[in-house]
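Rule-based calculations on the coordinates, nothing more; no lab input. Since we're looking at a predicted model, the values are computed, not measured. Glycine also receives a Cβ, built like all others from the backbone with ideal geometry; neighbour counts cover every protein chain displayed.
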Amino acid sequence: MRHGKYPFIIGFLVVPVALYCTFVVAAYLQAFQLSFTSWSGFGAIKYIGLENFHKLWNDDLFWKSLRHNLFLLILLPVVTVALALVIAFLLNVGGSSRGGQTRGVRGSKAYRIIFFFPQLLALAIVAVIFQRVFGPDKSGMINGLFPDSWDNWLFLADERWAMTCILIVLIWQAVGFYVVLFSAGMGSIPAEIYEAAALDGASRIKLFFRITIPLLWGTIQVAWVYLGIAAFDAFAVVNIMTVDRGGPNGATSVLSLMIWRNTFEFSQVGYASAIGVVLFFLTLTFAALTLRVTRRESLEA
Amino acid sequence: MTEIFKAAEVDRRTLLRRAAAVGLMATPAVGLLSACVGGGSDDNTKQSTGTKSADNPLGIDPKAGVEIIIFNGGLGTAYATDVDIPLFNKKWPDAKVTYSNTEQISTVVQPRINAGTPPDMINNSGSNLMDFGAIVKAGQAADLTDLFAAPSWDVAGKTVADTLVPGAIQQGTYDGKPFAMNYSFTVFGLWYNKKLFATKGWTVPTTWADFTALCDKIKAAGITPFGFAGANASYYMVRALLTSAAKIGTEQCLKDIDNLKPGAWTADPIMKAAQAWGEIGNKYINKTYLGLRHTEVQLQQDQDKLAFYPCGSWLENEQSKDTPPTFEYAVAAYPSVTTSDQLPATAINAAAGEIYFAAAKGKNPQGGKEYIRGMLSKEAALGFTKLTKSLTVVAGAADGQTISPGLTSANDLLGKAGKDVFMGYLFDTWYKKLDDESRAAANDLMFKGGDAAKFCQRMEAASQAVAKDSSVTKFTRS
């Protein structure tokens, strides 16, 4: 029994670890190595020290992109989690309570399936659909709904609102998944607690803030981490939807898009790797911070 | 109760750890994209060669296979599968042509170049094309000097170079050596609906005053006078603007731009052209076009909602499915901007495009070149024009053929221009970052107030930033 244990474990681990080393660890090391070079993507490699990072420091587009990533990092989790929580609450607890049993609003089972639909669509398809929704002339869905006398809203072609359009698409796509996640979490909250609270005369709003949210806190934090990481990406949506890819005038540029463009379009793989290294540390910091906050939370509980 | 919480706690911790792992997965993708770093610089691949003879001027091995890869885009791939490959196999029946096509040239081909196993002949085109300047500097493209000096495939007594239109080889020349064969020949200008103009009694303008006067009339008729797609095709506008600049101050100002000469973008001709076009943007453009793609704007033109569209001669073929019978494509030269323009109003920008090159470090570079020599035969060129409705750099290959109205119009324009046909500029392929900036700047100029000075200064700054960047390989032209 004891003897068979290690070969068994190793047998399980060897393939994933090998894959991880090849496609994650090795690729990481290479990105770090390349960030100190001026490699174009073809031919010989020349080391240039920290010059790429110096250039990055002075690159306006980099700071712009970073700001956009932070914009998403703050708003994407907040809005998505808030929306998903409210919807999940309505689906599970929001309905009339009969015989002391809490239940969702009428037709909540059907809603739960419908809300999950966006999750089934590839992000690229979502982006193409929303390109039509945000069409800047009357053929766009939203503009088409407005009366003819109104001026067209430019949406993605308007520097002030383009990033908000991206945020809306990401929220629309993500919210269904978190509704399901939170629903599952609420399902595991014992009905007696709600029952007891209801007997004490708690309103629905009180139920939501005093019972649902505290008991779901762990799940919410998971959602926060996932969404935070999604906010560091956003590549597909920006690449497909936006004017001039990342425009107009860099108004929707994000770090992942900069990496892609520098690698494949500007032949500056060294520079792209430097951005990759920065993104690595940003993601790491974010993950570490979140884990830390969570640990404290669990000690208190 | 407590039991429940404990179980949930474990779940959450595992989940969080997994979540963190997902985040860490995002960055290494960058490394993966550039996998096989430095590969392909070894010269130990065994390359096929044969004996040179009058019938085999490039000395290919008649039995060695040739691998080609074609971009599958606006021109389709039928010209390769139905014309070029059969032609090649007729002459070299034992040389097997391995054919593939892709819409994503750089994603498919770049890793193979870096791994030292590129296809022998590559059609570098499309929005996902590889930076050809970087390929040349890395020694990955074969020198085509012997190809252009070789006898033509089917024109007796002439070399390949002799059969091409002037400037065709120059366009693929990097620092004095030809590395690319630019195959299709494109005429640029202002495209309009000939039938609509005939019914309305509008005539094509040759001076800027005529142009703006006509734009007023068109606007009064409820049609957008001029427009282009800001979302993904503002480089059509860059070409329009720089064509006007070249007409004001000759092609020299474009050469200065290509050579990153200080002050090239703030020079008087560029400034005047930007002012003139900025005014068109202010008065006659539809502001929603900034958010539209080329297909959408071109469709609006087909529906007679837009009068003038700056584009190249591929437009008619691209739109063939959407063109109603009431629409007949025709092209006009850009009107003179000032009365003291150095080039006449008939001068046009026409350039060779669509890069085909032989990989220097493939298995059979000579075979790749021989395939290109086949493409440059009159027979293949005519087949290409018939299938794609696009002219080629093979001079006179389509003469005497009935082609489409748009292409006939482009041919007429070429005839009228005579010697005043200029190749244009190369900075957009040489320095992609500058190309990028020019697209954003053109959008800004045309859709956001027409500030010519801002346009010129912004481009000048971007140009000088490229000039100072030692990680960007530089080219020059004369």
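I need to check one value: relative contact order of segment B:145-216, counting alpha carbon pairs closer than 8 Å and at least 6 residues apart, in percent.
RCO, segment B:145-216: 15 percent.
Would chain B count as rounded, prolate or oblate if I go by the C-alpha gyration tensor, calling it rounded below 1.5 in a/c and otherwise prolate when a/b exceeds b/c, oblate otherwise?
Numbers: a/c = 1.66, a/b = 1.09, b/c = 1.53.
Oblate.
If we restrict to alpha carbons, what Rg and Dmax does segment A:24-145 come to, in Å?
24.1, 76
Highest mean first, what order results for B:226-233, A:135-142 on Cβ atoms within 10 Å?
Taking the mean over residues of other Cβ atoms within 10 Å, the ranking is B:226-233, A:135-142.
With θ taken as phi - 60° and the coefficients 6.51, -1.76 and 1.60, list the Karplus ³J(HN,Hα) couplings across segment B:374-386 in order, rounded to whole Hz; mark glycine and proline as x.
Computed from phi, the couplings for segment B:374-386 are x, 4, 8, 6, 4, 4, 5, 5, 5, x, 4, 5, 5 Hz.
What does the convex hull of the Cα atoms of segment A:22-78 come to per residue, in Å³, rounded to a whole number?
Working: hull volume 6.9 nm³, N = 57.
Measuring per residue, one finds 122 Å³ for the Cα hull of segment A:22-78.
Can you tell me the relative contact order of chain B? Whole percent, Cα pairs under 8 Å, sequence separation 6 or more.
Values: 853 pairs, mean separation 113.5, N = 478.
Normalised by residue count, the contact order of chain B is 24 percent.
Taking the Kirkwood radius as the inverse of the mean 1/r across Cα pairs, report the Rg/Rh of segment A:159-301.
Looking at segment A:159-301, the ratio lands at 1.12.
Check which residues have an amide H placed less than 5 Å from B:ASN101's amide H, if you skip close sequence neighbours.
Long-range HN contacts for B:ASN101: B:ILE70.
In a GNM of chain A with a 10 Å cut-off on Cα contacts, which of A:GLY43, A:GLY201, A:GLY107 has the highest mean-square fluctuation?
Top of the fluctuation ranking is A:GLY43.
When the Cα centres of segment B:130-203 and segment A:215-267 are compared, how far apart do they sit, in Å?
One Cα centre to the other: 39 Å.
Output the Kirkwood hydrodynamic radius of segment B:361-478, Cα pairs only, in Å rounded to one decimal.
18.4 Å
Would you please classify the overall shape of segment B:331-403 from the alpha carbon gyration tensor, given that a ≥ b ≥ c denote the square roots of the eigenvalues, rounded means a/c under 1.5, and beyond that prolate means a/b larger than b/c while oblate covers the rest?
Here segment B:331-403 falls in the oblate category.
Which entries of B:LYS272/B:LYS454; B:LYS46/B:LYS137; B:LYS90/B:LYS378; B:LYS433/B:LYS474; A:LYS46/B:LYS363; B:LYS63/B:LYS91 have Cα-Cα distances beyond 20 Å here?
B:LYS46/B:LYS137; A:LYS46/B:LYS363, as the Cα separations exceed 20 Å there.
Going from the alpha-carbon gyration tensor of segment B:172-245, what semi-axes, largest first and in whole Å, does one get by taking the root of 5 times each eigenvalue?
Ellipsoid half-lengths, sorted descending, are 33, 14, 13 Å.
Per DSSP H run of at least 4 residues, take -39500 (n - 2.57); add these up for chain B, divide by its residues and hand me the 222 nm value, nearest 500 deg cm²/dmol.
Using -39500 (n - 2.57) per qualifying helix, the result is -12500 deg cm²/dmol.
So what J values fall out for segment A:11-26 if you push phi through Karplus, 6.51 cos²θ - 1.76 cosθ + 1.60 with θ = phi - 60°, rounded to Hz, Gly and Pro as x?
Coupling constants for segment A:11-26: x, 6, 7, 4, 5, x, 5, 4, 4, 4, 5, 5, 9, 10, 5, 4 Hz.
Rounded to the nearest 500, what is the 222 nm mean residue ellipticity of chain A from helices alone, with -39500 (n - 2.57) per DSSP H run of 4+ residues and division by all residues?
Result for chain A: -22000 deg cm²/dmol, rounded to the nearest 500.
Give me, ordered by chain and number, the residues 5 or more places off B:TRP265 or on other chains with an amide H under 5 Å from its own placed amide H.
Amide H neighbours of B:TRP265: none.
Just checking the output field for A:22-32: average partner chain Cβ neighbours within 10 Å of each residue's Cβ? Mind dumping the intermediate values first?
Values: counts 2, 6, 8, 3, 4, 10, 6, 2, 8, 8, 2.
The per-residue average across the peptide is 5.
May I ask you to work out the translational diffusion coefficient for segment A:236-290 at 37 °C, viscosity 0.692 mPa s, via Stokes-Einstein with Rh from the Kirkwood sum over Cα pairs, reported in whole µm²/s?
After rounding, the answer is 274 µm²/s.
If you plug each phi of segment B:303-318 into the Karplus form 6.51 cos²θ - 1.76 cosθ + 1.60 with θ = phi - 60°, what whole-Hz ³J(HN,Hα) values come out, in order, with x for Gly and Pro?
8, 6, 9, 9, 8, 9, 9, x, 6, x, 6, 6, 4, 4, 5, 4
Semi-axes of the equivalent ellipsoid for segment A:53-300, please: Cα gyration tensor eigenvalues, times 5, square-rooted, ordered largest first, whole Å.
Semi-axis lengths for segment A:53-300 are 38, 25, 13 Å.
Please compute the volume of the convex hull spanned by the alpha-carbon atoms of the protein assembly as shown and report it per residue in Å³.
Enclosed volume per residue, from the Cα hull, is 206 Å³.
With the Cα gyration tensor of segment A:136-178 giving a ≥ b ≥ c as the square roots of its eigenvalues, does the rule (a/c under 1.5 for rounded; else a/b larger than b/c for prolate; else oblate) give rounded, prolate or oblate?
oblate
What residue among A:PHE23, A:PHE53, A:PHE117 has the largest mean-square fluctuation in a Gaussian network model of chain A, using Cα springs under 10 Å?
A:PHE23
Rounded to whole Å and sorted largest first, list the principal axis extents of the Cα atoms in segment B:107-155.
Projected onto its principal axes, the Cα set of segment B:107-155 covers 37, 22, 19 Å.
If you take every DSSP beta bridge whose two residues both sit in the protein assembly as shown, what share of them, in percent to the nearest 5, is antiparallel?
Roughly 70 percent of the DSSP beta bridges within the protein assembly as shown come out antiparallel.
Please report the antiparallel percentage of DSSP beta bridges with both residues in chain B, rounded to the nearest 5. Don't skip to the answer; put the middle values down first.
Values: 25 of 38 bridges.
Taking every DSSP beta bridge within chain B, about 65 percent pair in antiparallel fashion.
Which of the aspartates and glutamates could be linked to B:LYS419 by a straight reach, that is with a Cα gap under 19 Å, when you skip same-chain ones fewer than 8 residues away?
B:ASP162, B:GLU251, B:ASP341, B:ASP399
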